[in-house]
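To start, the structure under review is shown below, and the notes come after it.
The values are calculated or read from the model by the stated rules, or taken from the named source; none is laboratory data. Not measured: the values here are computed from a predicted model. The area values use the complete protein model at the heavy-atom level, side chains included, leaving out ligands, DNA and RNA. Shrake-Rupley method; radii C 1.70, N 1.55, O 1.52, S 1.80 Å.
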Amino acid sequence: THDFDGIDLDWEYPEADDRNGKPEDFKNFPKFMARLKNELKKTPGRSELSITLPASYWYLQHFDLKELAKHVSFFNIMSYDLHGTWDQGNKWTGAFLNAHTNLTEIKSALELLWRNDVKGDQVVMGLAFYGRSYTTQGCVEPGCVYASGGLPGPCSNEAGILLNNEIMDIIHDRKLVPKLYKEATVKVVTWDDQWVSMDDRETLAMKANFARQQCLSGLMVWAISHDTSTADFSRDLAMVSNRQVLMQRAEIDTD
């Protein structure tokens with residue numbers, strides 16, 4: 001009806017007992033994908049099928065990657081949210097200031113795919129148009145202990161997260177200069193007792209170059225609704241990934 005290319009499925013997460021998963025999910029998921037793919041093939045040109053993958057072993061261990069790869073056009077790996085306020089009190093992580101799109105950890109996440117013989121051209125790397133924020137205890141360098149999630153933004157209205165458009169307003173209003181951490185490939189913005197990491201044109205370009213080096217199929221982002229009203233980050237991402245994109249601007253009647 002709508003002339004779509006196919007279907008993308010996001011299951012968070014099969015088998016995981018903290019997400020109401022069941023042991024049989026491991027084998028049933030590839031079976032379901034095979035049947036869904038066969039149905040899509042009945043309408044030629046509408047048979048693209050993709051699924052999201054977590055970037056952590058904790059959830060990824062329940063995906064039968066070798067079987068899923070037989071039926072899936074490509075995997076969208078959610079290489080963001082690698083850290084957040086949920087780290088506080090977790091014996092494996094801890095309440096440390098760490099960027100949720102740290103490239104060093106994204107590399108480790110991709111290693112989990114390569115070990116299961118997933119090919120780079122079947123993988124799309126996830127990027128974020130938002131940052132995970134924290135209230136600090138004085139120290140603002142990565143690895144320092146934080147006190148709690150950052151203050152809510154006026155639009156997102158949730159502790160521990162700021163949309164890129166909110167971060168840009170803070171940078172503009174407070175005349176701040178984001179600090180680049182080259183190895184992690186992220187920018188960090190600090191003010192008062194607040195800390196947030198983000199990606200901008202410079203770090204998006206660095207991540208796009210990394211994706212090329214790994215021969216990945218492409219990039220995806222969560223989410224375009226977090227962009228500025230003038231789509232600055234979407235335009236930047238299109239530029240650094242060598243894409244020509246025509247975007248229609250929404251005209252808002254203020255009368």
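To the nearest ten degrees, helix 201-213 and the longest principal axis of the Cα atoms of the chain are 30 degrees apart. Over 24 Å between C-alpha atoms is what I'm after, so list which of K31/K107; K31/K119; K91/K207 land there. Distance filter (> 24 Å) returns K31/K107; K91/K207. Counting only heavy atoms of the protein chains and using a 1.4 Å probe, R19 has close to 100 Å² of accessible surface.
What accessible area per residue comes out for the chain, rounded to a whole number of Å², with a 1.4 Å probe?
Using a 1.4 Å probe on heavy atoms only, each residue of the chain averages 57 Å².
Volume of the convex hull of the chain (Cα atoms only), normalised per residue: 161 Å³. Measuring with a 1.4 angstrom probe and ignoring ligands and nucleic acids, E183 comes out at about 150 Å² accessible. Taking a straight line from the alpha carbon of K37, these aspartates and glutamates sit under 16 Å away, with near neighbours fewer than eight places off in the same chain left out: D5, D8, D10, E48, E67.
Spatial offset of the range 157-178 relative to the range 77-96 amounts to 21 Å, using the alpha carbon center of each. For the chain, the fraction of 1.4 Å probe accessible surface lying on carbon and sulfur atoms is 50 percent.
Rolling a 1.4 Å probe over the protein chains gives W58 an accessible area of about 140 Å².
As an exercise, find the ratio Rg/Rh for the range 8-123 from alpha-carbon atoms, using the Kirkwood inverse-distance average for Rh. Ratio of gyration radius to Kirkwood radius for the range 8-123: 1.01.
Using the 2.2 N^0.38 Å rule of thumb for compact globular proteins, work out how the range 123-255 stacks up: its C-alpha Rg over that value, please. Intermediate results must be reported in sequence, preceding the final value.
Details: Rg = 15.8 Å, N = 133, 2.2 N^0.38 = 14.1 Å.
Scaled against compact globular proteins, the figure is 1.12.
Over the chain, DSSP H runs of length four or greater, each weighted -39,500 (n - 2.57), average out per residue to a 222 nm ellipticity of -8000 deg cm²/dmol.
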